[in-house]
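Step one of this worksheet: look at the structure below.
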Amino acid sequence: MQVVCLDLEGVLVPEIWIAFAEKVGVEALKRTTRDEPDYDVLMRYRLDILAEHGFTLNQIQEVIETLRPLQGALEFLDKLRSTHELVILSDTFREFANPLMKQLGYPTLFCHELKVDEDGTISDYCLRIADHKRKTVQYLQKLNFEVIAGGDSYNDLGMLKTAEHCIFFRPPHSLAADYPEVPIAKEHHELLSLIEDCSS
């Protein structure tokens with residue numbers, strides 16, 4: 001039996017940090033896992049900026065409430081879930097993702113959590129488990145699943161390399177250049193077609 005593991009931001013929904021950066025006018029917050037391969041370095045960088053400006057979780061959530069799934073994502077999910085099991089593996093946080101999960105029809109999501117002070121300040125983050133995307137794929141394989149993985153960033157490489165089949169969705173040029181053997185989908189109908197090819 002096959003299971004599809006997909007990244008969330010940049011594949012199904014917009015990048016949350018970029019949307020917030022644009023809203024508050026802080027260019028430095030536009031840095032994502034497409035730019036910084038080390039997730040801890042990236043999150044410490046983000047938390048420092050949030051603290052510097054006094055931004056709170058509530059302010060970020062207000063922006064998230066305005067976001068909508070990427071064009072074609074809902075139709076893609078409807079077709080995919082009619083034929084495949086699906087798990088979303090994301091380095092986002094439960095406190096960010098809930099409004100977006102509602103719009104996507106509540107697919108299964110494995111992600112992390114934030115430490116939030118009483119005043120709404122984000123003081124730290126808690127990983128579900130280190131390298132959780134790769135390890136989730138490994139555990140699914142131990143359950144005798146064949147895994148098809150799709151992602152767009154450096155933090156997806158663990159699951160992409162471990163899965164039996166892997167697909168890039170709109171990756172940065174540098175990532176695609178490093179892995180020319182990985183097929184690339186630029187639209188959701190192309191992603192669905194590549195997933196179906198893995199099933200044939």
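The values are calculated or read from the model by the stated rules, or taken from the named source; none is laboratory data. Treat the numbers as computed from the prediction; the structure is a model and nothing was measured. Note that we place each Cβ from the backbone using ideal geometry, even for glycine, and neighbour counts take in every protein chain shown.
Miscellaneous remarks
- Residue in region 50-63 that is without any contact (Cβ under 8 Å) to a residue 40 or more places away in the chain, in contact with a strand residue (DSSP E or B) (Cβ under 8 Å, 6 or more places away or on another chain) and of a type in the set (D, E, K, R) present: no
- Residues that are in contact (Cβ under 8 Å) with a residue 40 or more places away in the chain and more than 30 Å from Ser193 (Cα to Cα), drawn from region 124-151: Asp124, Tyr125
- Out of Thr83, Thr92, sole residue that is touching a residue at least 24 places away in the same chain (Cβ under 8 Å) and exposed (fewer than 14 other Cβ atoms within 10 Å of the Cβ): Thr83
- Residue match in region 100-109 (condition: aromatic (Phe, Trp, Tyr) and without any contact (Cβ under 8 Å) to a residue 24 or more places away in the chain): yes
- Condition check for Ile167: in contact with a Pro (Cβ under 7 Å, 6 or more places away or on another chain) and either buried (at least 22 other Cβ atoms within 10 Å of the Cβ) or part of a helix (DSSP H, G or I) (or both): yes
- Some residue of region 187-197 being at pLDDT 95 or above, surrounded by fewer than 15 Cβ atoms within 10 Å (Cβ to Cβ) and of a type in the set (Ser, Thr, Tyr): yes
- Of all residues in region 136-146, one or more are in a helix (DSSP H, G or I) and loosely packed, with under 13 Cβ neighbours inside 10 Å.
- Selection status of Ala130, in contact with a Phe, Trp or Tyr (Cβ under 8 Å, 6 or more places away or on another chain), surrounded by fewer than 19 Cβ atoms within 10 Å (Cβ to Cβ) and more than 19 Å from His84 (Cα to Cα): no
- Count of region 170-186 residues which are over 22 Å from Leu70 (Cβ atoms) and surrounded by 21 or more Cβ atoms within 10 Å (Cβ to Cβ): 0
- Leu160 being more than 18 Å from Asp91 (Cα to Cα), touching a helix residue (DSSP H, G or I) at 6+ places or on another chain (Cβ under 9 Å) and assigned to a helix (DSSP H, G or I): no
- Of residues in region 183-200 being outside any helix (DSSP H, G or I) and over 18 Å from the mean Cα position of the chain (by Cα), the one nearest to Asp156 (Cα to Cα): Pro183
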